[in-house]
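**Student:** Here it is, the structure, as structure tokens.
The values are calculated or read from the model by the stated rules, or taken from the named source; none is laboratory data. Note that the structure is a prediction, hence the values are computed from the model and not measured. For neighbour counting, all protein chains shown are included, and Cβ atoms are generated from backbone atoms with ideal geometry for every residue, glycine included. Heads up: the accessible areas ignore ligands, DNA and RNA and are worked out on the full protein's heavy atoms, side chains in. Shrake-Rupley method; radii C 1.70, N 1.55, O 1.52, S 1.80 Å.
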Amino acid sequence: MSDILSDISTLVIEGNFEDMPDKTNAAVEEGLSAEEILNNGLMPGMDHVGVEFKAGNMFVPEVLRSAKAMQAAMSIIRPMLAETGTETKGTILLGTVAGDLHDIGKNLVGMMCEGAGFEIIDLGKDVEPETFVEAVKEHKPRILGMSALLTTTMRAMERTIKALDEAGVRDTVKIMIGGAPVTQSFADDIGADGYAPNAASASDMAKQFAA
Ligand code: B1M
């Protein structure tokens, strides 16, 4: 790995979003492609963060800083990726379900998955089942990710899956769910394809779904 790509990885791991724009611009000026910066600088950094987070060696505030550093670089290279038509691993449609305003975990999942090479379409929070259905029809994502933080809103995940079923698009997507009150047995119960306990596992699961 070139020195500058290794520096970019380190900035992600350190959550150094202040220095990231200069370093990313320097990499572009050095002639590195956006794809190289993503695949060989940002993604290895985020992979490392995922491993450390899962192992309990990094905590949410640190991961949020890493995600912010990643975003700082992405905002520079995203237009270049779009111009060159770089293939992503696929599209993930994300949202926090109806009635639920918690979006910090969902955002973290989105950032980790973007770091793993996916395109993220984030529908935001308090997303009604019908909105998920329309977005699945419009964007044809590979994966649909739903987040819920309240025991009272978990059932909106089930309603969304039913709505997708009724609209005839359930089998066009892999459905991944998560959030503090969600469990594997709940995922099995409502017919989701997978449950991820944290953002790093969500990114691993998305990679498996896309393989
Ligand atoms: Co609320 N809240 N909150 N809250 N809030 C909780 C969830 C609660 C546990 C606090 C408590 O009472 N101890 C409790 C829920 C109890 C329950 O349902 N059993 C609660 C409550 C009751 C409420 C209100 C009802 C309070 C009130 O108004 N009386 C209200 C509800 C509003 C609504 O949604 N309609 C409310 C409001 C709020 C704020 C708006 C103030 C704010 C949210 C701000 C925001 O998100 N923009 C808030 C917050 C911050 C919390 C706590 C303190 C923190 C949540 C959080 O962001 N955690 C929370 C208590 C707690 O968890 N300690 C609490 C950090 C985040 C990184 O973790 O979201 O779990 P988490 O995400 C993890 C994993 O779960 C997983 O990966 C993430 C990263 O590792 N994950 C996924 C999440 N989504 C995933 C999706 C996936 C895969 C993995 O696939 C797609």
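**Student:** Quick one: Pro61 ticks every box in (1) in contact with a helix residue (DSSP H, G or I) (Cβ under 9 Å, 6 or more places away or on another chain); (2) part of a helix (DSSP H, G or I) except a single one, so which number is it?
**Tutor:** (1)
**Student:** Let me ask something additional. Contact list please: Cβ distance under 6 Å, first residue in the stretch 14-28 and within 11 Å of Ala72 (Cβ to Cβ), second residue open to solvent by 50 Å² or more (accessible area, probe 1.4 Å), pairs at least six apart or on different chains.
**Tutor:** Pairs found: Gly15/Glu62; Gly15/Arg65; Phe17/Lys68; Lys23/Asp7.
Rundown of residues vs (1) in a loop (DSSP other than H, G, I, E, B); (2) of a type in the set (Asp, Glu); (3) touching an Asp or Glu at 6+ places or on another chain (Cβ under 8 Å); (4) within 14 Å of the ligand (Cβ to nearest atom), yes/no style:
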residue	(1), (2), (3), (4)
Ser6	no, no, no, no
Asn16	yes, no, no, no
Gly31	yes, no, no, no
Ile77	no, no, no, no
Met80	no, no, no, no
Thr96	no, no, yes, yes
Gly99	yes, no, yes, yes
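**Student:** Follow-up. I'd like the full set of residues that are in contact with a Leu (Cβ under 8 Å, 6 or more places away or on another chain) and more than 11 Å from the ligand (Cβ to nearest atom), limited to the stretch 47-74. Write out each step before concluding.
**Tutor:** Kept after step one, since they are in contact with a Leu (Cβ under 8 Å, 6 or more places away or on another chain), are these residues of the stretch 47-74: 60, 63-64, 67, 69-70, 73-74.
Ala69, Met70, Ala73, Met74 - these are the residues of the stretch 47-74 that are in contact with a Leu (Cβ under 8 Å, 6 or more places away or on another chain) and more than 11 Å from the ligand (Cβ to nearest atom).
**Student:** Which condition number in (1) closer than 13 Å to Met74 by Cβ; (2) modelled with pLDDT of 95 or more is the one that Ile37 fails?
**Tutor:** (2) is the only condition that Ile37 fails.
**Student:** How do the helices (runs of 4 or more DSSP H) wholly within the stretch 118-211 filter down when requiring 1 or more residues that are at pLDDT 95 or above, acidic (Asp, Glu) and away from the ligand (no atom under 12 Å from the Cβ): which remain? Give the steps one after another, and end with the answer.
**Tutor:** Details: elements: 129-139, 155-166, 184-190, 199-210.
Per the criteria, 129-139, 155-166, 184-190.
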